[in-house]
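Here's the structure we're looking at; comments come further down.
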Amino acid sequence: MISFVFYLAFLLIFVVFAVYAERKTAAFIQNRLGPMEVGPKGILQTIADLLKMLQKEDIRADAVDLIPFLVAPFIVFAAVFTGYSVLPINEVVGGSGISAGVFFLLAVVSLDVLGILMAGWASNNKYSLYGAMRSVAQIVSYEVPLGISVLCVVIISGTLDLSQMSANQSHGLLSWHIVNHPVLIIPFIIFFIASLAESNRTPFDLPESESELIGGYSTEYSGFRWGMFMLAEYGMMLLLSILGAVMFFGGWSSPIDDFGTGPIWGSIWLLSKALILIFVQMWVRWTLPRLRVDQLMSLSWKYLTPLSIVMLFICALWKLWIIS
Amino acid sequence: MSYFGNISVAAKTTWKGMLLSIRYFFQARKRRKKEWIGEDNYFNKANGTFTVQYPHEQIPIPDHGRYQLHNEIDDCIVCDKCAKICPVDCIDIEPVRSPEVFGQTSDGTPLRIHAAKFDIDMSKCCFCGLCTVVCPTECLTMTKEFDFTTTDILDHNFSFSKMTETEIAEKKQEFEEYQEAKLKAKPELPAIKKEVDVMKKPTSKPVFKPRIPKKK
């Protein structure tokens, strides 16, 4: 319950400032200033945008299939937000005590593709449908390397429970998985690339590519329902960044062994690690161009999947010969 | 390209691109200085943010910028040359003659005509600068002011005359009285042509024949 309240509040505040951070990051990388007018240095720009967005008309075109159209944004957001239930916050609040935590998370999060497909199909619009189809193809493909790279971590740590996994890494920087077991560096890179694809971020934003599909599955949406999609996208970014922080960078544990322990420090460590990963996601977004559909598929099936299977084998050997 | 060659090219190019963009990200701490185009290093500013937040700040313009027209009405002798040369007829002048010299401009030219109206419609102006060239007293100049945006297009008609309605009527009255007095003083002379006659166009038009070069 505490976990739910914490993550919901954090997610809503995070989205407001992440949109601002995203625009500022983009601006600085492109020699611009970004939003500067609303509030000092433009910090209230997103709040102004949010107010404008909430006042917009909830447009329902005549040709849409009404019920799936109306429900889809909520399914997408619910699927993403359910994933937060198993994430630990600190050593006291460990999230839901499901023993198959990571497995549950990956299973539930893939449900958001269902909502995206519903939105695209119900919109009765060829661009929305293209976007939805691309999204399904992309998420189904990238689930495979994502799942296998998570499996590498599961083999090394020997548990599926995320709070147990964090507890295993709570003895300073050297006990973090990525430092203690350098064999996990390549699975982390695979995990990061696949998580970009899972959360429909550039360079894998084919489902909603503004320049060719005019927003993809969210073309027909406006106002609050469109905002739900936006919220779900940023929620997915944050979810996978926290998951990455828990699995590879020690979760809520401090980098120095006895410094900064306790529940408050724990949540600060966890969230700052996740926010650094989110910065990297934004940095990638404003550096790399979008992939073509065939490049997307070949990257997943020809490169990431075989590589992750090889890494799974190597991790198993590492577990057999080095750890035990 | 081989399979592993692809991987290595992808890794190298991605790494290079990422380094490039993060360098720009950290350079954004610096900002471009407000230098105008005449300065030597104007084109050597690849580093730092480039945005000029226009209404709050602007790149300096040289003082001899060719933007909005300004007329120093005290120095204007209302010669009407600017209105005649204007290719788009954006200058509208209404002169009122004075019976005697009533002042001097700053360069010593005597003032004989009052400017009852001296309007420049900047929305018609084509910024050619011909009016400033012909101005004998150099009272009509182009300034560096370029932002004279208005919500009503009629506000683009800048009026430079300082005379009030009563003053104009007074000066007109004065001149008419002077003319009448002049007529009475010399009744034997033929009447001075009225202004209307003077302004009439000659009945026979001068004929210009274009010269057509003969073919050889």
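Just so it is clear, none of the values below were taken in a lab; they were calculated from the coordinates. These figures come from a predicted structure and were not determined experimentally. As a convention, Cβ positions derive from the backbone with ideal geometry for all residues, glycine included, and neighbour counts pool all protein chains shown.
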Alpha-carbon gyration tensor eigenvalues x 5, square-rooted, for region A:1-55, Å = 25, 14, 8
Could I get the Rg over Rh figure for the protein assembly as shown? Both from C-alpha atoms, Rh via Kirkwood, rounded to two places.
-> 1.26
Take the Cα coordinates of region A:172-324, assign each an equal point scatterer, and use the Debye formula without solvent to give log10 I(q)/I(0) at q = 0.20, 0.21 Å⁻¹.
-> -1.26, -1.31
Per-residue average of Cβ from other chains inside 10 Å of B:19-26 = 5
Find the Rg to Rh ratio for chain A, where Rh is the Kirkwood radius over alpha-carbon pairs and Rg uses the same atoms.
-> 0.97
Note: chain B, point scatterers on Cα, Debye, no solvent; log10 I/I(0) at q = 0.12, 0.14, 0.16, 0.18 Å⁻¹ equals -0.90, -1.06, -1.20, -1.32
Principal-axis tilt of helix B:3-27 within chain B, Cα atoms, nearest 10 degrees | 50 degrees
Build a GNM of chain B with springs between Cα atoms under 10 Å: which of B:Pro60, B:Pro95, B:Pro136 gets the top mean-square fluctuation?
-> B:Pro60
Average partner coverage of A:26-36, which counts Cβ from other chains inside 10 Å | 5
What one gets for region A:55-158 as the Kirkwood radius, inverse of mean 1/r over different Cα pairs in Å, is 15.6 Å
If contacts are Cα pairs under 8 angstrom and at least 6 residues apart, what is the relative contact order of chain A in percent?
-> 23 percent
Express in whole angstrom the spacing between the alpha-carbon centres of region B:141-180 and region A:100-157.
-> 73 Å
So which residue, out of B:Met122, B:Met142, B:Met18, gets the largest mean-square fluctuation from a GNM of chain B using Cα contacts under 10 Å as springs?
-> B:Met18
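Calculate for chain A the 222 nm mean residue ellipticity that helices alone would give, adding -39,500 (n - 2.57) per DSSP H run of length 4 or more and normalising by residue count, nearest 500 deg cm²/dmol.
Details: 14 runs with 206 residues, N = 324.
Value at 222 nm, helices only: -20500 deg cm²/dmol.
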Flagged as over-length at 26 Å C-alpha distance, from B:Lys84/B:Lys182; B:Lys162/B:Lys184; A:Lys24/B:Lys34; A:Lys24/A:Lys52, the pairs are B:Lys84/B:Lys182; B:Lys162/B:Lys184
In the neighbourhood of B:Met163 defined by beta carbon distances under 9 Å, the net charge of the other residues (Lys, Arg +1; Asp, Glu -1) is +1
Given springs between every Cα pair under 10 Å in a Gaussian network model of chain A, which of A:Ile309, A:Ile67, A:Ile276 has the largest fluctuation?
-> A:Ile67
Peptides B:111-119, A:109-117, B:51-59 ordered by average Cβ neighbours within 10 Å, highest first = A:109-117, B:111-119, B:51-59
Report the Stokes-Einstein translational diffusion coefficient (µm² s⁻¹, integer) for region A:1-109, Rh taken as the Kirkwood radius over Cα pairs, at 10 °C with viscosity 1.306 mPa s.
-> 93 µm²/s
